[in-house]
Amino acid sequence: MSGREPAAEVADGVYCVGVGRGVLASNVYLIRSGGSWALIDAAWPGRGELIKAAAESVFGEGTRPASMLLTHIHPDHSGSARELARIWDLPVWVHAGEMPLAARTYRPEYGNPLDRWLVVPLMRVLPRRTVDAMTSAASLAGVARPLDPVGPPPGLPDWRWVAAPGHTPGHVAFFRARDRVLIAGDAVLTVNLNSVPGLLRGGPGAWGPPRYTTWNWPLAKESVAALARLEPRVLAGGHGRPMTGAGTAACLHALAEKLCGATGAAGRGVQRHPAASRRTRAASGEED
Ligand SMILES: [Zn+2]
């Protein structure tokens, strides 16, 4: 565990479980909804029993969620999804845009910088058997199902899913309007994974997605602005301690402004202006 409480309640019925340490830490969320609960994200592979135990510490022994949802398919968020799907005999819900990634076979059109620089070259030199074993262990084929494009996420009737593409093609966030709770996955983080000093210093603050595992950076920046416009009061990302309080939305707007130049309706156009890009790059120290 990361040194945090095994399951910390960050909003009414929303529990954050920090799984792993340092750069290998990622957050899993357990969400109470009515008489049942749902799981959002599933950490790295091999953490199924740990997540099950955390859920039982909150909801009681032998508990089983109404649904399992993923913000996106990356090994630090979907790693134990197959194991948990087997333990609880449940499908795993992802955005339709994420379905091509479910089989975990490499698709060049969905590749991110880390895939291109490290994963693909490594796959080329590893024995075929090893690659096949790694791929099938991580595969969610036959387990992943696409979210309803209009309805609420399964098991969370009081929430809605919000498209937040860029980090991956079908990345989603989850939002509860009643108290403005945002589960942001890797679309927005409360720890800076793009800088070693930032990582060591920790929060509080809001940062963009991890750069080297982000598929489409311009889209990822647009998604930060879109999430800021939700005016969240609780920002619970895939990494870092969740942020709460009156300044949360302002912090997210500041990040969006740094990345895009504006967060209002005009923001989507402004970010493409070359001068604005240069200015925001200089302000943020980004290496865009
Ligand atoms: Zn990710």
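The values are calculated or read from the model by the stated rules, or taken from the named source; none is laboratory data. Owing to the predicted nature of the structure, the values given are computational and were not obtained by experimental measurement. Glycine also receives a Cβ, built like all others from the backbone with ideal geometry; neighbour counts cover every protein chain displayed. Areas reflect the complete protein model, heavy atoms only, side chains present, ligands, DNA and RNA absent. Shrake-Rupley method; radii C 1.70, N 1.55, O 1.52, S 1.80 Å.
Some notes on this structure:
- If the convex hull is drawn through the Cα atoms of region 34-94, its volume per residue in Å³: 74 Å³
- Region 114-133 and region 147-163: distance between their alpha carbon centers, rounded to Å: 35 Å
- Normalised by the number of residues in region 34-176, the average gap of Cα pairs under 8 Å and 6 or more apart makes the relative contact order 27 percent.
- The largest accessible area among Met243, Met68 belongs to the first residue in Met243, Met68, and the rest follow in falling order (1.4 Å probe, all chains).
- Förster-model FRET efficiency, 22 Å R0, Arg180 and Glu9, C-beta, rounded to 0.05: 0.85
- Normalised by the number of residues in region 3-77, the average gap of Cα pairs under 8 Å and 6 or more apart makes the relative contact order 27 percent.
- Probe 1.4 Å - accessible area at Val143, Å² to nearest ten: 20 Å²
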